[in-house]
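A.B. asks: Structure incoming, see below.
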Amino acid sequence: MLFFISQYSLDTLEQPSDSGSYPDEIYQRGINSAHYVRGEIQNRISEEVRKDTLSLCRLIKEMTFEIMDQNMEDSHEDPALNRHLNQVAFLAKEVGEQLGLNETDLKILEAASLIHDVGKRLLNPDYSKLDRKLTDAEYAVVRKHVDLSLILLNGIIPKDIYNVISQHHENYDGTGYPFGIENNHIGLLSRILRAVDAYQAMTSRKHNVGRKKDGIMTSDQALEELERGSGRLFDPQVVSVLKRISSSYESSGNILN
């Protein structure tokens, strides 16, 4: 049986701790930004666009970046995040095709991948760009990007896409967040997104949140990391497909990225 987020669970996402700490202030600003951006998007999106989920999610991504860039105080442009979302969507769809997903699920997966990390755009400062390992408190704030995405997207996107995003940081062994669910209780589309998101971050972005800046990994290095996490962090069948796709790319003289 798959896990679905309830309205009660969503309400709890908006509750920072009572510590009054600086990270809590950052999260509260992120919540405020999520509500503001959500309202702007709802006012601007036409009913015609809502009928096409891919067009809807592309527009949500573009509008979130545009609104944050133009209207929020001390906002920061983030072209790396935009590229990340596009590249994850492309690769996730390819993995889904290899796993034999039907056209409906492929469209849900691609749409969810395009906006799975929009909550990161609401966080300011952007801890992921720090040239050092994050503190526990800072990393806890970064993890809240999932919550911020859910607050922003609630009521705007279809439930099936929403649930894929809500679970994309759940680990196969139940140690992930925000809900701590495990293996087949995590939807297959979220398990695909979990592995592809990690792979793409390791190979293409100039930072890996929560780690030291050791440079970008090669495809082989990233696949080794996924293999080490197979059955613990990642669905083994998804890791196997990523390795197979990588081998196919290499045999044709290209690099999986």
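A.B. asks: Can you confirm whether H116 is in contact with a Leu (Cβ under 8 Å, 6 or more places away or on another chain), crowded, with 24+ Cβ neighbours inside 10 Å and either modelled with pLDDT under 95 or closer than 20 Å to R50 by Cα (or both)?
C.D. replies: Here the answer is yes, as H116 does meet what is asked.
A.B. asks: Among the listed residues L188, L106, L101, L150, which satisfies the condition of being at pLDDT 95 or above, among the aliphatic types (A, V, I, L, M), more than 17 Å from F65 (Cβ to Cβ) and surrounded by 20 or more Cβ atoms within 10 Å (Cβ to Cβ)?
C.D. replies: The unique qualifying residue is L150.
A.B. asks: Hey, another quick one. Would you check if there is a residue in the stretch 165-182 being of a type outside the set (V, I, T), surrounded by fewer than 24 Cβ atoms within 10 Å (Cβ to Cβ) and not in a loop (DSSP other than H, G, I, E, B)?
C.D. replies: no
A.B. asks: Something else: So which of L233, L256 is modelled with pLDDT of 95 or more and surrounded by 16 or more Cβ atoms within 10 Å (Cβ to Cβ)?
C.D. replies: Going through L233, L256 in turn, the sole match is L233.
A.B. asks: Just one of V146, V95 is within 17 Å of D197 (Cβ to Cβ), within 14 Å of the chain's Cα centre (by Cα) and not in a loop (DSSP other than H, G, I, E, B); which is it?
C.D. replies: V146
A.B. asks: Exactly one condition in (1) assigned to a loop (DSSP other than H, G, I, E, B); (2) among the small types (G, A, S); (3) surrounded by 21 or more Cβ atoms within 10 Å (Cβ to Cβ) is not met by G155; state its number.
C.D. replies: Of (1) assigned to a loop (DSSP other than H, G, I, E, B); (2) among the small types (G, A, S); (3) surrounded by 21 or more Cβ atoms within 10 Å (Cβ to Cβ), only one is false for G155: (3).
A.B. asks: Consider L189 carefully, then state whether it is part of a helix (DSSP H, G or I) and under 22 Å from E62 (Cβ atoms).
C.D. replies: The answer is no for L189.
The values are calculated or read from the model by the stated rules, or taken from the named source; none is laboratory data. None of the values given here were measured: they were computed from a predicted structure. Here Cβ is always computed from backbone atoms with ideal geometry, including for glycine, and neighbour counts include all displayed protein chains.
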